[in-house]
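Engineer: Pasting a structure below so you can have a look.
The values are calculated or read from the model by the stated rules, or taken from the named source; none is laboratory data. These numbers were taken from a predicted model, which means no experiment stands behind them. As a convention, Cβ positions derive from the backbone with ideal geometry for all residues, glycine included, and neighbour counts pool all protein chains shown.
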Amino acid sequence: MLAKVSAGDQAEVKAAYWQIFDLTELGENVKPGQHLVDWVQRRIDTFAEARGGRYPAAVKCLLADRQSLTTHLRFPIEHHKRVRHSNFIERTFGETRRRVKVIGRFPGETSCVSLVWAVLDRAARGWRGFTMTSNGLRILQDLRRALLHPPAQLHPTGDPALAPVTEAA
């Protein structure tokens, strides 16, 4: 985004960008989740309105990637600074690619999964800066459960495709 801003204005825009993600305004009772994502999304909109006329290309870049920019806000607060960028993830996948190049082709799915598991397990031992509190573990388990078993709608309404099924019951 800064590449789309003149050199003289980059410091100002950079400071304003990081202000979007500053959670100190919310106090100490900040809880991760969709409400926090929505709050930051509103701040992104405010940033876009304030600077859209002067830096349209930079604002377009910001708005195009807004969902990716707020994904880390669903994770425990103590993890935000580590997971808001993808350096440790990129490094892990780079290690996997390096090992796969040597092998060339896997004889089966099990060998592929075993190699990926080994690389991720080794990488996870080297991740520094993650503190796992009981509250953080609960939040991560809730996220995992929501991704693997999303809640089903109990009473579908207004869907014309389901009308014959509803009438038959």
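Engineer: So, Leu23, is that one touching a residue at least 12 places away in the same chain (Cβ under 8 Å), over 12 Å from the mean Cα position of the chain (by Cα), over 20 Å from Gly136 (Cβ atoms) and in the same structural domain as Met1 (by TED's automatic domain parsing) or not?
Structural biologist: Against the criterion (touching a residue at least 12 places away in the same chain (Cβ under 8 Å), over 12 Å from the mean Cα position of the chain (by Cα), over 20 Å from Gly136 (Cβ atoms) and in the same structural domain as Met1 (by TED's automatic domain parsing)), Leu23 does not qualify.
Engineer: Between a residue in the stretch 105-122 that is under 18 Å from Gly94 (Cβ atoms) and any residue that is among the acidic types (Asp, Glu) and part of a loop (DSSP other than H, G, I, E, B), which pairs come within a Cβ distance under 7 Å, given they are 6 or more apart or on different chains?
Structural biologist: The qualifying pairs do not exist here.
Engineer: Just the residues that are surrounded by 15 or more Cβ atoms within 10 Å (Cβ to Cβ) and either in a helix (DSSP H, G or I) or at pLDDT 90 or above (or both), please, taken from the stretch 20-36.
Structural biologist: Correct list: Ile20, Leu36.
Engineer: Tell me whether the stretch 37-53 contains one or more residues that are polar (S, T, N, Q), within 20 Å of the chain's Cα centre (by Cα) and farther than 22 Å from Leu143 by Cα.
Structural biologist: Looking through the stretch 37-53, none of the residues is polar (S, T, N, Q), within 20 Å of the chain's Cα centre (by Cα) and farther than 22 Å from Leu143 by Cα.
Engineer: Quick one: in the stretch 37-66, which of the residues that are of a type in the set (D, E, K, R) and within 26 Å of Ile77 (Cα to Cα) is surrounded by the most Cβ atoms within 10 Å (Cβ to Cβ)?
Structural biologist: Within the stretch 37-66, the match that is surrounded by the most Cβ atoms within 10 Å (Cβ to Cβ) is Arg43.
Engineer: Within the stretch 123-145, take every residue that is within 19 Å of Lys31 (Cα to Cα) and surrounded by fewer than 10 Cβ atoms within 10 Å (Cβ to Cβ) and give me the one that is modelled with the highest pLDDT.
Structural biologist: Ser134
Engineer: Looking for whichever is out of contact with any Gly (no Cβ under 9 Å at 6 or more places or on another chain) and modelled with pLDDT of 70 or more here; the options are Leu154, Leu120, Leu148, Leu162. Which one fits?
Structural biologist: That would be Leu148, the only listed residue that is out of contact with any Gly (no Cβ under 9 Å at 6 or more places or on another chain) and modelled with pLDDT of 70 or more.
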